[in-house]
Amino acid sequence: MFRHTHDLSALIALLETTGYSFPDELRAIVALTRFAVEFRYDLFEDHSGFDRQAAVGLIGRLRAVVEREIERATP
């Protein structure tokens, strides 16, 4: 059973226990952990200095990696 968490560092560490090497260029995603609960539950307040465009780009790159891995694993 997996525990519920929004902690991206913990999720990456869990993933790496399977032998998967999380891409170094995507490790900056852990900075978004603090926003996970706020966005999900509409608690987000104005965080000046937050670069939404950079965050969206990083998430897009992560999604592309995940989709490639799923395709590779699908028979």
Original post:
How far is it, in nm, from the label point at V30 to the one at A73 when both lie 7 Å from their Cα along the line to the Cβ?
Top reply: 2.1
Original post:
For the range 68-75, in order, what is each residue's ³J(HN,Hα) by Karplus, 6.51 cos²θ - 1.76 cosθ + 1.60 with θ = phi - 60°, in whole Hz (x at glycine and Pro)?
Top reply: 4, 5, 5, 4, 5, 7, 7, x
Subject >> Whole-Hz couplings from phi, Karplus 6.51/-1.76/1.60, listed for the range 6-21; x for Gly and Pro >> reply: 9, 7, 5, 4, 5, 5, 5, 4, 4, 4, 5, 5, 8, x, 6, 9
Subject >> Segment A10-D51, length gained on full extension (0.36 nm per residue, minus Cα span) >> reply: 12.4 nm
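Values in this text are rule-based calculations from the coordinates and carry no lab data. What you see is a predicted model; the values in this text were computed from it and never measured. Using ideal geometry, Cβ is built from the backbone for each residue, glycine included, and neighbour counts are taken over all protein chains shown.
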